[in-house]
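The block underneath contains the structure these notes are about, expressed in structure tokens.
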Amino acid sequence: NAGTNSATVWRAEEDKPAAQLNDIGHTFGALSTDGRILALKAEGGIELRDWQKGLSEKIPIRFPYGLIDVWGVSWSPDGKYAALSLKGSMSLLGIYETTTWKPLALLPPDQTEFAQNGDLIQLRDGEIYRLTADQFEKAGR
């Protein structure tokens, strides 16, 4: 809700709100692809809120290269990975595994989206780049 510290969660098939989330601050929110978890910007990382269970967990993010803040989250379709827009002395896109929040890759902060099959697609300098979920798995070993 604009100007407040709350957000309303709606289900598309219902005519009333499914949940009201309070004390979220003035920040971005990114709902996981299964619709359960809301990722919110938090000092030193992100906060994950399971709005159905009323649970909240702060996840500290390991910031490389003098990066100090998260400015955006994009979940992979299967929820195994998250692309975090990282800001600080420079801007980068960090790819994290969402069970341990281990960093898997750092990319330039260009236009990036997860495809339906889980691949990460990035448009950079007029070229299209693709990282497959298999490449994430190898990077995480």
Considering only residues that are assigned to a strand (DSSP E or B) and exposed (fewer than 14 other Cβ atoms within 10 Å of the Cβ), which ones fall in the stretch 26-50? D50
Could you tell me whether any residue of the stretch 16-33 is modelled with pLDDT of 85 or more and over 26 Å from T112 (Cα atoms)? yes
For residues in the stretch 51-63 being of a type outside the set (K, R) and in a loop (DSSP other than H, G, I, E, B), which is nearest to the chain's Cα centre (by Cα)? I61
Against the definition (free of Cβ contacts under 8 Å to residues at least 40 places away in the same chain and hydroxyl-bearing (S, T, Y)), how does Y96 come out, yes or no? yes
Segments classed as strands (runs of 3 or more DSSP E), wholly inside the stretch 78-137, with at least 3 members that are of a type in the set (A, V, I, L, M) and touching a Leu at 6+ places or on another chain (Cβ under 8 Å): 81-88, 92-97, 103-107
Condition check for G54: surrounded by 12 or more Cβ atoms within 10 Å (Cβ to Cβ) and of a type outside the set (A, V, I, L, M, F, W, C): no
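The values are calculated or read from the model by the stated rules, or taken from the named source; none is laboratory data. Fair warning: this is a prediction, and the values are worked out from it, not measured in the lab. Note: ideal-geometry Cβ built from the backbone for every residue, glycine included; neighbour counts use all protein chains shown.
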